[in-house]
Amino acid sequence: MSELYSVRMRAAQGGPHEKGGHHISGAERIVKLEEVGTIAQSLTDRALHHSKGTADFINITVDLIPPEKITYIDCLKVEEHKTSSISESHQLVTELLPGPNISETAVLKAISLLKGLDKSMRGAMLVDAITGERLDTGDRGVRVSHMDSFDSYALGDNEHMREALVLASKVQSADGIVGELCWSDDPDYTVGYVACNGVYHRIPNMKELGSNIGGRVFFVRSNIDSESVIEYLERAPVLVKR
Ligand code: WAQ
Ligand code: MG
Ligand code: MG
């Protein structure tokens with residue numbers, strides 16, 4: 001098998017993220033050597049034509065992934081839900097997530113943390129699944145990286161969904177994570193999801209059309225070593241099988 005490379009893009013407006021730039025877009029793939037150039041090009045185009053605005057800082061990073069470092073995991077099952085309002089969608093979130101591992105309090109706190117964001121984070125908030133206490137520090141959040149689908153085509157042609165399903169599958173495969181809540185920060189995309197117990201529950205109407213407020217919350221068990229969870233999410237190369 002030919003060698004695989006991780007190709008990652010992050011883009012901001014008003015300078016680099018680390019100099020206070022506002023996050024526009026981030027995306028990544030794991031591809032063969034022959035595809036690196038094409039993928040770098042398409043990730044760059046994406047940063048330059050984004051509904052959140054035009055990036056003035058784009059960083060592309062490419063590195064080789066040693067084949068023996070790759071973990072293969074199964075994709076979450078998808079369940080589609082129908083709702084007719086934001087309040088109904090958020091109500092559904094409070095019905096789907098709570099269980100032995102996640103309290104209703106934690107879910108309500110997570111919803112208000114996401115609604116309360118005043119600008120996009122690059123990463124996700126980590127929230128204690130029982131107390132609802134936020135565990136990550138700073139405003140970057142935990143950025144899940146080094147993942148792709150083993151066969152991108154098998155996951156369909158909705159790019160938002162394909163990427164979210166890959167990310168959510170990696171997140172749920174982390175030891176210590178018991179759930180996730182997400183909706184996009186892209187103003188033209190209002191579908192979100194919750195992930196728990198091996199299922200990706202796809203939910204429409206998670207926010208107002210036109211709103212650029214979105215984000216992610218990962219629910220974690222109280223007793224975990226969050227450093228090792230973060231290390232897995234940010235660095236371990238993962239390919240998702242359908
Ligand atoms: N790691 C952690 N958090 C991330 C990452 C990442 N790699 N990428 C994005 N986020 C966080 C960050 O706070 C973003 O502002 C927020 O999530 C939303 O990211 O139809 O497109 O890429 O089934 O705008 C979900 C529904 C779409 C898909 C989610 O999110 C479907 C989406 P976006
Ligand atoms: Mg995205
Ligand atoms: Mg976005």
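The values are calculated or read from the model by the stated rules, or taken from the named source; none is laboratory data. Computed from a predicted structure; not experimentally measured. Every residue, glycine among them, receives a Cβ derived from its backbone with ideal geometry; neighbour counts consider all protein chains shown.
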Being in contact (Cβ under 8 Å) with a residue 60 or more places away in the chain, in contact with a Gly (Cβ under 7 Å, 6 or more places away or on another chain), among the charged types (D, E, K, R) and within 20 Å of Ser149 (Cα to Cα) is true for just one of Lys77, Lys69. Which residue is that?
Lys77
Mind listing whichever residues of the stretch 147-177 are under 16 Å from the mean Cα position of the chain (by Cα), surrounded by fewer than 18 Cβ atoms within 10 Å (Cβ to Cβ), without any contact (Cβ under 8 Å) to a residue 24 or more places away in the chain and assigned to a helix (DSSP H, G or I)?
Glu159
Filtering the stretch 137-152 down to residues that are touching a helix residue (DSSP H, G or I) at 6+ places or on another chain (Cβ under 9 Å) and either at pLDDT below 95 or among the small types (Gly, Ala, Ser) (or both) yields Arg140, Ser145, Ser149, Ser152
Assess whether Gly37 counts as being exposed (fewer than 14 other Cβ atoms within 10 Å of the Cβ) and either part of a loop (DSSP other than H, G, I, E, B) or not hydroxyl-bearing (Ser, Thr, Tyr) (or both).
yes
Those residues of the stretch 178-189 which are within 6 Å of ligand 1 (Cβ to nearest atom) and crowded, with 21+ Cβ neighbours inside 10 Å amount to Cys182, Ser184, Asp185
Exactly one of (1) farther than 24 Å from Ala195 by Cα; (2) assigned to a helix (DSSP H, G or I) is unmet by Asp63. Its number?
(2)
Mind listing just one residue for me: the one in the stretch 26-46 that is among the hydrophobic types (A, V, I, L, M, F, W, C) and over 17 Å from the mean Cα position of the chain (by Cα) and, of those, farthest from ligand 2 (Cβ to nearest atom)?
Leu33
Within the stretch 178-223, how many residues are under 16 Å from the mean Cα position of the chain (by Cα), basic (Lys, Arg) and within 12 Å of Leu114 (Cα to Cα)?
1
Hits in the stretch 129-145 - residues which are farther than 21 Å from Pro16 by Cα and either surrounded by fewer than 20 Cβ atoms within 10 Å (Cβ to Cβ) or within 10 Å of ligand 1 (Cβ to nearest atom) (or both):
Ile130, Thr131, Glu133, Arg134, Leu135, Asp136
From the options Thr131, Thr105, residue that is over 20 Å from Arg202 (Cα atoms), in contact with a Gly (Cβ under 6 Å, 6 or more places away or on another chain) and modelled with pLDDT of 95 or more
Thr105
Would you confirm, using the coordinates I've provided, whether Ser6 is polar (S, T, N, Q) and either under 24 Å from Asn205 (Cβ atoms) or within 16 Å of ligand 3 (Cβ to nearest atom) (or both)?
no
Looking at (1) surrounded by fewer than 16 Cβ atoms within 10 Å (Cβ to Cβ); (2) under 19 Å from Leu239 (Cα atoms), which is the one condition that is false for Ile73?
(1)
Please work out which one of (1) of a type in the set (S, T, N, Q); (2) more than 16 Å from ligand 3 (Cβ to nearest atom); (3) over 20 Å from the mean Cα position of the chain (by Cα) is the condition Thr61 fails and give its number.
(3)
